[in-house]
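No value in this document is a laboratory result; all are computed from the given coordinates. Predicted model, so just to flag it, every value in this text is computed and none were measured. Note that each Cβ is placed from the backbone with ideal geometry, even for glycine, and that neighbours are counted across all protein chains shown.
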Amino acid sequence: MENELGRRIDADDAPKGVSDDSVEAIDHVRKIGNIGAHMEKDIGVIVSVEPEEAQLLIELIESFVDEWYVSRNTRTARFGKLKALATSKEDLKAKGGD
């Protein structure tokens, strides 16, 4: 990829928790945005925008929030409970059982 995030992915220096497909989706959004932002390059070409496109972008953001925050928090809580259970069982074993 030709952007900084793509270069970081290629160099194995990606932000923690950002998957390759997330980076690819972000790059697609960048390309779409560039079409609208740099229309002056070819003023004779008009690329229409459909309402469904805005919905796709909203859904992408929702996916990122779920993947990067909600799911991570749920996973951390589950792992914490498992760790507490293991510690509790180890303590019981050290004391000779129930």
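Determine, from the Cβ-Cβ distance of residue 27 and residue 76 and an R0 of 25 Å, the FRET efficiency 1/(1 + (r/R0)^6), rounded to the nearest 0.05. Kindly include the intermediate steps, with their values, before the conclusion.
On the way: r = 28 Å, r/R0 = 1.14.
About 0.30, to the nearest 0.05.
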Peptides ranked, highest mean first, by Cβ atoms within 10 Å: ranges 63-72, 45-54
63-72, 45-54
For the chain, what is the number of Lys pairs with C-alpha distance below 28 angstrom, counting only pairs 8 or more positions apart or on separate chains?
9
Scan [x] 22.7, 82; [y] 16.3, 52; [z] 14.2, 48 for the value of Rg and Dmax of the Cα atoms in Å calculated from this model and give just the label.
[x]
Largest fluctuation, 80, 44, 17 only, Gaussian network model of the chain with Cα springs under 10 angstrom, belongs to 44
